[in-house]
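We did not get these values from a lab; they are worked out from the coordinates using the rules stated. What you are looking at is a predicted structure, and each value in this text was computed from that prediction instead of being measured. Cβ placement follows ideal geometry from the backbone for every residue including glycine, while neighbour counts extend to all protein chains displayed.
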Amino acid sequence: MKLFLAAACIATFPAAALAEVVVSDPWARATILASRPGAAYLTLHSDADDRLLSATTPVADHVMIHASETGADSVTRMIHLDALDLEAGQTVRFAPGGMHLMLLGLAGKLDEGASFPLTLTFERAGAIMVDVSVLGVAATGPEGEP
């Protein structure tokens, strides 16, 4: 009976069972002070419509999803997103000056060469844990680190 119920659930929700989000190139810049927020960057690609609901890490009290928006005054501002919609087949890149994960209440400095775990929670794909590499304070990404 349990096997039948499991098969029935998979047959009823095939998209949820097959939904996959790929997280690549997770990195953060080193911080000079623990009292200042940090930022993490990565690339997301989902094969089905999904939604990034939250992110958590033991190195920060709170993680916020931020986007950038340029106003009519030509000033770019960070805006907090409660969640981030991912469209099937599209890639979303978090990078300096744009989308990023703001790490608030750091437990300590983010030291270059270190790494930390980051758990991303998606509406359909569930929780995905990645290891975030800490690059230099002026890094522009894993491939372009000065």
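Residues whose amide H falls under 5 Å from that of D49, counting only those 5 or more places apart or on a different chain, are A88, with hydrogens built in the peptide plane. The C-alpha atoms of region 62-146 occupy a region whose extents along the principal axes are 38, 36, 28 Å, arranged from largest to smallest.
In plain terms, the chain from D131 to A107 could stretch by 6.9 nm, reckoned as 0.36 nm per residue minus the Cα-Cα distance. The value given for region 45-112 is a Kirkwood hydrodynamic radius of 13.6 Å, derived from the mean inverse Cα-Cα separation. Peptides 76-89, 98-111 ranked from most to least packed, by the mean per-residue count of other Cβ atoms within 10 Å: 98-111, 76-89. May I ask you to compute the full-extension gain from V22 to A67, defined as 0.36 nm times their residue separation minus their alpha-carbon distance, rounded to one decimal in nm? Fully extending the segment from V22 to A67 adds 14.2 nm. When each of the peptides 39-51, 23-35 is scored by the mean number of other C-beta atoms lying within 10 Å of its residues, the order from highest to lowest reads 39-51, 23-35.
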